[in-house]
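We did not get these values from a lab; they are worked out from the coordinates using the rules stated. Note that the coordinates shown come from a computational prediction; the quantities given were computed from them, not determined experimentally. Positions of Cβ are backbone-derived with ideal geometry, glycine not excepted, and every protein chain shown enters the neighbour counts.
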Amino acid sequence: MSLTLATLLPGLLLIALGVLFFVNNSAIQSTIKAVPRSQVGAIVFFGGGALWFIYNVWNVSAADLVVFSTPQPWVVIFGALAGLAFFYVPDFLAVRGLCVLTLLGGWPLLMAAYMEWDKPQRLFMVSAVFVAVSLAIYLGAAPFRLRDFFQWLFAMRWRSKALGTVLFAYGALLVAVAFTY
């Protein structure tokens, strides 16, 4: 992935999130509040994260294999664990799925900026990715905190508008920075 694309994608995502939080009509608000415990969100986000992780395990190099000589047993084990999570840990599975996708998505973005010392503006993207990864680690351990955050955020209309403005502005900054490489 090129550094331009790695900066442009998070910028566009932040712009889209900023617009959603800024508009904050009742349909958007109820949808966002429902995401942490959503069954559809769990299937989409956790299922997508599990498939991406299993794809990475399937393509692991032989040097990384210690217990088994092929990655197939690991694929079966992790696939079974992901499937069992839908039955035994269904609460906040959508939040955990978003966390998995954030952690897996952060890697190619950070690798695009690796060793690019002559482009200091890359740090705008890298900083945003590290904040997202930190939040993903925190919310992966305590996913109910996202529900609590949404309750706090939507308690007063100006809070979601302020968050939307900040996300939109930083996303616009990333989009502008993407074209400076």
Span-rule helices in the chain, defined as complete DSSP H runs reaching 27 Å or more along the axis (Cα) with Kyte mean at least -1.0: 3-23, 93-113, 122-141, 157-178
Cα gyration tensor shape for segment 129-172, rounded if a/c is under 1.5, else prolate or oblate: oblate
From the coordinates shown, Cα extents along the principal axes in Å corresponds to which of (1) 70, 32, 23; (2) 55, 46, 21; (3) 143, 31, 21: (2)
Spatial separation of Cα centroids for segment 118-156 and segment 1-54, in angstrom: 12
Prolate/oblate/rounded label for segment 40-113 (Cα gyration tensor, a/c 1.5): oblate
Unit charges on C-beta of K, R, D, E only; dipole of the chain, Debye: 620
Given charges at beta-carbon only (K, R positive; D, E negative), |dipole| of segment 74-171 in Debye: 360
Gyration tensor (alpha-carbon) shape descriptor, segment 1-62, a/c threshold 1.5: oblate
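For ARG37, ARG159, what ranking results if the residue with the fewest other Cβ atoms within 10 Å of its Cβ goes first?
ARG159, ARG37
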